[in-house]
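Here the structure is laid out as structure tokens; the discussion comes afterwards.
Readers should treat all values here as calculations from the given coordinates under stated rules, not as data from a laboratory. This structure is a prediction, so every number in the text was calculated from the model and none was measured. As a convention, Cβ positions derive from the backbone with ideal geometry for all residues, glycine included, and neighbour counts pool all protein chains shown.
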Amino acid sequence: MKFVNILINLVSVILLVCGCLAKPSNRETIMENEKELYSNFILRWTVIEGTGDIEIEIQANCTGWTGISFAEGQIGQPGSYSDVIMGGFNDDFQKGYSEDRHIDLENPDPANGHLFDDSNDILLKNARYEEPWTIIRILRSLNTGDKQDIPIVPGPMTVGWTYSSTDDTSLGHDTAGIGRVTFIPL
């Protein structure tokens, strides 16, 4: 029995020295895909194999918040909604921020803006400002199971993009647009 304990301790030390029991890596995920949605807006992403997760990087030429949305349906169409990811880097606090929101596209109410999701299903991995770019990285599941989120599925998806000159996410965007992105090939 004493021999087994010594053997287990020895194997643990060897694994620890080799890094097998070390903390998760702080290395940044390499973004395998990129799409320029506008001259001032670049989207990068990688589907992390075997995890069911996607890491997304948003790079916008702005000094405030930026974001993307995944839409189902069209404005005014019954049951239409949009899943929104917003974030930025606050220079005053030297800190990044992210928000998981949604919009009811059936009856969008500009007075209410984007509504916070009941469940925050995004993880802010990194945020920074590199003149003139605000760059954020988030991690989320391809399918969160949250009714306020839209699953990221194979094939082209409608993606809204937006950015602002302020970190106040309750204020509207300066620039916005819509594009088609294939996060996962068919």
- Query: Using modelled backbone amide H atoms (1.01 Å from N, in-plane), which distant-in-sequence or interchain residues come within less than 5 Å of Ile48's amide H?
  - Reply: Asp53, Ile54, Glu55
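Sorted from fewest to most neighbouring beta carbons within 10 Å, what does the list Asp167, Asp174, Asp149 look like? Walk me through the numbers before you get to the answer.
Working: Asp167 18, Asp174 14, Asp149 22.
Fewest to most other Cβ atoms nearby, the residues stand as Asp174, Asp167, Asp149.
In percent, what relative contact order does region 28-182 have, based on Cα pairs under 8 Å that are 6 or more apart in sequence?
On the way: 387 pairs, mean separation 37.6, N = 155.
This gives 24 percent for region 28-182.
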- Rg (one decimal) and Dmax (whole number) from the Cα set of region 137-186, in Å, equal 13.5, 38
- Item | Linear extension gain, Glu106 paired with Glu72, 0.36 nm per residue minus alpha-carbon span | 11.2 nm
- Task: Can you check what the net charge comes to around Ala127, using other residues whose Cβ is under 14 Å from the Cβ of Ala127 (Lys, Arg +1; Asp, Glu -1)?
- Result: -4
